Amino acid sequence: MASTRKRIISMFAAAALAVCTLSQNTHLLLRPAITASAEDKALSETSSASVSDWNEKLVVSRNTAEAELVVRVGDIDACNDENAVADHGYDPFTAKSQYSHGYPWPKDETDPAGTDRIFVGSKWNGEATDGYSSNYDNYKMGYDEENAYGDGALSFTMEYDASGIKMKNVILQLCIDDFQAVSWNSEFTVTLNGKDAPFIAELLNHTDQTGPTAYIVSAMIPSGFFADIASGKLTVVIDETTGVGDGYAIDFAKLLINYDDQIFTGTFSGKTEPGATVRLLGTSTTVTASSTGVFTFNAIPGINAVRASKDGFVEKFNSGIVLSAGTEWKPEIVLEKGEGSPDIDFSKFAETGLVMRGDYNGDGKVSMSDAVFLARFVSEDTALNAEEIGNILAAEPDYDIDGVVTILDVTALLKDIS
């Protein structure tokens with residue numbers, strides 16, 4: 001009986017290996033297709049949790065259409081503009097008909113720290129470069145005590161209960177206001193629980209807002225931060241480090257844990273050097289431009305930015321607004337010959353913190369090859385070496401969390417990555 005079982009498992013592993021061969025370029029860490037279990041679907045259907053109340057200052061909801069856990073800090077009101085939603089149709093989730101709100105705006109002491117306030121960063125040199133920093137200067141001189149300002153770096157904290165959740169993917173959304181790094185050569189840094197997060201900072205540093213209007217930017221959080229996310233407390237700090245006086249604010253922030261692919265409702269296409277690698281900023285997702293230079297991304301509505309690079313050329317960035325439908329932004333990126341700079345090394349963020357569940361080969365992402373490794377482990381393949389076994393044990397081989405390691409764990413993993 002045991003030998004028959006092992007033959008079946010070996011056949012399963014061979015099938016998984018064949019699928020893996022066809023799927024070598026799949027980047028599961030970035031946009032995995034999650035198939036909910038019957039239990040998860042039932043819980044989602046019966047959940048009364050809602051994230052629709054834009055007036056709430058703090059929202060924590062489980063099993064929504066967007067994600068298994070949604071956390072929002074800050075109300076949705078275009079920085080305390082009482083007329084933005086009702087009278088002007090402000091809707092940052094579609095990015096359509098964005099409303100240019102007034103500034104400075106009256107302070108609301110009930111707003112969560114870091115939201116709906118004008119900041120200039122901890123290195124501010126006292127100069128007033130834009131309208132926000134001029135207002136901030138008046139505040140520091142004691143002339144404005146009525147409106148909303150924040151000292152030092154912008155910082156907010158999300159607190160929530162993440163117990164019982166298997167961390168698969170995470171997105172952090174910031175509804176940003178008046179970030180103008182391109183115009184003023186400002187330079188923003190971002191940390192998550194004190195750890196550097198350049199994959200978020202790069203979005204802010206290649207954005208040039210005007211208006212002022214508030215738009216969402218979205219960043220996929222690598223697995224190296226999953227332990228921090230799972231802790232139930234996430235502190236985000238956004239600082240401007242040159243002191244140039246580029247005033248900035250956020251309307252709200254939103255965390256989506258185990259998100260559904262339906263949130264990628266926008267699509268945009270652009271053109272660059274044929275064969276160039278184009279990356280969607282805030283993610284490690286890349287595509288290769290076609291023989292005519294065309295590239296296409298699915299994206300979350302809001303401000304999106306891309307980086308185009310190719311050997312023998314200097315990399316270049318472009319940003320624009322992606323709508324939930326009918327996006328007009330079509331970036332054209334002309335690369336110039338020269339020596340480029342290296343891109344962000346995302347692998348180092350996957351190697352720190354909590355090991356990603358399901359990453360059985362230790363490469364920082366979850367793919368079909370991990371199903372092969374798990375099937376080999378289940379079948380007690382003696383060809384596995386000590387390092388490979390260590391990787392599998394660290395990534396929790398009991399994938400379906402039923403207390404035993406069996407072929408059913410391989411099946412559950414395949415469902416999540418299919």
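Values in this text are rule-based calculations from the coordinates and carry no lab data. Being a predicted model, the structure only gives us computed values, none of them experimental. Reconstructed Cβ throughout: ideal geometry from the backbone, glycine too, with neighbour counts over all protein chains shown.
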**Request:** Measure out, as a whole number of angstrom, how far apart the alpha-carbon centroids of the range 359-402 and the range 50-100 sit.
**Result:** 41 Å
**Complete:** Taking 0.36 nm per residue of separation between VAL334 and ILE165 and subtracting their Cα-Cα distance, the length gained on full extension comes to 56.4 nm
**Request:** Taking the Cα atoms of the range 264-337, report the difference between the largest and smallest coordinate on each principal axis, in whole Å and largest first.
**Result:** 35, 23, 16
**Prompt:** Which listed residue (ALA289, ALA67, ASN138) has the Cα farthest towards the positive end of the charge dipole for the chain, taking +1 on Lys and Arg C-beta and -1 on Asp and Glu C-beta about the Cα centre?
**Reply:** ALA289
**Request:** Return the distance in nm (one decimal) between the two label points of a simple spin-label model at ALA383 and ASN55, each offset 7 Å from Cα along Cα→Cβ.
**Result:** 6.5 nm
**Message:** I'd like to compare 158-168, 250-260: which one has the highest average count of other Cβ atoms within 10 Å, and what's the full order after that?
**Reply:** 250-260, 158-168
**Asked** Which of ALA325, ALA219, ALA249 moves the most in a Gaussian network model of the chain with Cα springs under 10 Å?
**Response** ALA325
**Span-rule helices in the chain, defined as complete DSSP H runs reaching 24 Å or more along the axis (Cα) with Kyte mean at least -0.5** = 2-22
**Message:** Using a Debye calculation, one point per C-alpha and no hydration shell, please list log10 I(q)/I(0) for the chain at q = 0.08, 0.10, 0.14 Å⁻¹ in order.
**Reply:** -0.48, -0.74, -1.30
**Request:** Would you grab the residues whose amide H sits under 5 Å from the one on GLU273? Only those 5+ places off in sequence or on another chain, please, with H modelled 1.01 Å from N.
**Result:** LEU335
**Asked** Who wins for biggest fluctuation among ALA383, ALA375, ALA276 in a Gaussian network model of the chain, springs between alpha carbons below 10 Å?
**Response** ALA383
**Message:** Need one number: convex hull volume per residue for the range 39-262, Cα atoms only, in Å³.
**Reply:** 117 Å³
**Request:** Extending each Cα 7 Å along its Cβ direction at SER347 and ASP261, get the distance between those two points in nm, one decimal.
**Result:** 2.7 nm
**Request:** For LEU393 and SER155, compute 0.36 nm times the residue count separating them, minus their Cα-Cα distance, and round to one decimal in nm.
**Result:** 82.0 nm
**Message:** Only Cα pairs within less than 10 Å get springs; with that Gaussian network setup on the chain, which residue of ALA128, ALA86, ALA371 has the largest fluctuation?
**Reply:** ALA86
**Fill in**
The farthest towards the positive end of the charge dipole of the chain, of the residues ASN80, GLN173, LEU414, given +1 on Cβ of Lys and Arg and -1 on Cβ of Asp and Glu, is LEU414
**Message:** Under 19 Å between alpha carbons, and skipping anything fewer than 8 positions from LYS140 in its own chain: which aspartates and glutamates qualify?
**Reply:** ASP108, GLU109, ASP116, GLU127, ASP130, ASP151, ASP239, GLU240, ASP246
**Item:** Overall Cα dimensions of the range 314-407 - principal axes, largest extent first, Å
**Value:** 53, 37, 23
**Message:** Could you work out the relative contact order of the chain? I mean the mean sequence separation of Cα pairs under 8 Å and 6+ apart, divided by the number of residues, in percent.
**Reply:** 19 percent
**Message:** Just to check, using Stokes-Einstein with a Kirkwood Rh over alpha carbon pairs, what's the diffusion coefficient of the range 59-104 at 4 °C and 1.567 mPa s in µm²/s?
**Reply:** 107 µm²/s
**Asked** Which of the residue pairs LYS57/LYS330; LYS166/LYS330; LYS96/LYS415; LYS233/LYS348; LYS57/LYS123; LYS107/LYS254 have a Cα-Cα distance greater than 31 Å in the structure shown?
**Response** LYS57/LYS330; LYS166/LYS330; LYS96/LYS415
**Message:** Ignoring everything except DSSP H segments at least 4 long, calculate the 222 nm mean residue ellipticity for the chain; use -39,500 (n - 2.57) per segment, divide by total residues, nearest 500.
**Reply:** -6500 deg cm²/dmol
